[in-house]
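The values are calculated or read from the model by the stated rules, or taken from the named source; none is laboratory data. For clarity, every value in this text was computed on a predicted model and none was experimentally measured. For neighbour counting, all protein chains shown are included, and Cβ atoms are generated from backbone atoms with ideal geometry for every residue, glycine included. For accessibility, only protein heavy atoms count, side chains too; no ligands or nucleic acids. Shrake-Rupley method; radii C 1.70, N 1.55, O 1.52, S 1.80 Å.
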Amino acid sequence: MTTENNLKPEVSIIGTGRLGTALALALAEQGYSIGALVARRREKARRAAARLDVPSRVLALKELVDRPPFGLLLISTPDDQIPRVTEALAKMDWDKDGSKCIVLHTSGALSSDVLAPLRKTGWSVGSLHPLVSVSEPRAGARLLHGAFWCVEGDKRAVRLARSLVRDLDGKSFSISSENKPLYHAAAVMASGNVTALFDVALELLGQCGLNPKQAQEALMPLLASAVRNLENLNPSQALTGTFARGDVETVKRHLQVLKSNKFALEIYRLLGLRSLDLAASRLDPAVVKQIRRLIG
């Protein structure tokens, strides 16, 4: 089903967590009609609907069978719920031509194959995952604009997914279905694991006497400068600090003070080895060998 506004499809969203709500906000701002918001708990879907400036129905999953033909159905539940939702949808007695329906899930780690039960009933299926960190819906809706998106699946589903991304001023790319877990691991490395690493740095500054707020305020400009370097340079060129300089004595001091924190020490050693690989081409081979021996 399409709206009269540039024939954009009506969108219904299953899962009204941070990403599902952010998608509803971002798409509504671009003129998409949000047909229904679906959640296990109606109150959660009502809260999401209250954020929109356009009307939207709040439904339970089983009530979707009474909806008119979908233009697009987005499944934005946690990954482990997607198979259950898919099976429930596939078992519904749809009083319409399923071949006209397109469904996309927003998981980064799962491919469109998890939607196979719906594909068998005539739906076009795919996946659509934004490379942004959504921690709050309204801020997340802004981040979705201009983002990079990974899309894969059936041709019709991918075509619609790419159109949606263009409407959000984003850029899309596709990978093979079997590489979705590897793709998502890369995303976790660049986002969730960076946040965890930042938390380790906060802990170390806490041991120096700074309170959490002071530590975060002190480290944020440093993190931001590293990101700016990566915006303009490749990792080898952007790397700064102890390993980039080949500072053997500083490495020794770091290892000494981190002995009491085995978790931080292990992280320091592993990332130090990678940093050393990045810097090796511009360092004295003897220095590289010495540092590798210290941290390896």
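So is Arg57 out of contact with any Gly (no Cβ under 8 Å at 6 or more places or on another chain), surrounded by fewer than 18 Cβ atoms within 10 Å (Cβ to Cβ) and under 20 Å from Pro137 (Cβ atoms) or not? No.
The helices (runs of 4 or more DSSP H) found wholly in the range 41-137 and carrying at least 2 residues that are modelled with pLDDT of 85 or more and closer than 25 Å to Glu178 by Cα occupy 82-91, 116-120.
Of all residues in the range 177-209, those satisfying the criterion of being at pLDDT 95 or above and of a type in the set (Ser, Thr, Tyr) are Tyr183, Thr195. Checking each residue in the range 164-211 for being under 19 Å from Leu258 (Cα atoms) and not aliphatic (A, V, I, L, M) picks out Phe198, Asp199, Glu203, Gly206, Gln207, Cys208, Gly209. Answer yes or no as to whether Gln256 is open to solvent by 70 Å² or more (accessible area, probe 1.4 Å), modelled with pLDDT of 95 or more and farther than 19 Å from Leu283 by Cβ. Yes: the conditions hold for Gln256. Here is the figure for the range 21-34: residues that are more than 17 Å from Thr106 (Cβ to Cβ) and either among the hydroxyl-bearing types (Ser, Thr, Tyr) or surrounded by 24 or more Cβ atoms within 10 Å (Cβ to Cβ) (or both) total 1. In the condition set (1) at pLDDT below 75; (2) open to solvent by 40 Å² or more (accessible area, probe 1.4 Å); (3) basic (Lys, Arg), Arg18 is compliant with all but (1).
Each row is one residue, and each column tells you yes or no for (1) in contact (Cβ under 8 Å) with a residue 24 or more places away in the chain; (2) open to solvent by less than 70 Å² (accessible area, probe 1.4 Å); (3) in contact with a strand residue (DSSP E or B) (Cβ under 6 Å, 6 or more places away or on another chain).
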{"position": "Pro221", "(1), (2), (3)": "no, no, no"}
{"position": "Thr240", "(1), (2), (3)": "no, no, no"}
{"position": "Thr250", "(1), (2), (3)": "no, yes, no"}
{"position": "Ile267", "(1), (2), (3)": "yes, yes, no"}
{"position": "Leu273", "(1), (2), (3)": "no, yes, no"}
{"position": "Ala279", "(1), (2), (3)": "yes, yes, no"}
{"position": "Leu283", "(1), (2), (3)": "yes, yes, no"}
{"position": "Ala286", "(1), (2), (3)": "no, yes, no"}
{"position": "Arg293", "(1), (2), (3)": "no, no, no"}
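Within the range 69-79, not a single residue is out of contact with any strand residue (DSSP E or B) (no Cβ under 7 Å at 6 or more places or on another chain) and among the aliphatic types (A, V, I, L, M).
When Ile34 is tested against (1) more than 20 Å from Val134 (Cβ to Cβ); (2) at pLDDT below 95, only condition (1) is not met.
Could you say whether any residue in the range 103-117 is over 18 Å from Thr77 (Cβ atoms), surrounded by 18 or more Cβ atoms within 10 Å (Cβ to Cβ) and touching a Leu at 6+ places or on another chain (Cβ under 9 Å)? No, the range 103-117 has no match at all. Each residue in the range 150-161 was checked for being surrounded by 22 or more Cβ atoms within 10 Å (Cβ to Cβ) and outside any helix (DSSP H, G or I), and 3 of them qualify. Scan the range 252-265 for residues that are without any contact (Cβ under 8 Å) to a residue 60 or more places away in the chain and assigned to a helix (DSSP H, G or I) and the total you get is 8.
Which members of the range 45-61 meet the condition of being hydrophobic (A, V, I, L, M, F, W, C) and out of contact with any strand residue (DSSP E or B) (no Cβ under 9 Å at 6 or more places or on another chain)? Answer for the range 45-61, where residues must be hydrophobic (A, V, I, L, M, F, W, C) and out of contact with any strand residue (DSSP E or B) (no Cβ under 9 Å at 6 or more places or on another chain): just Ala50.
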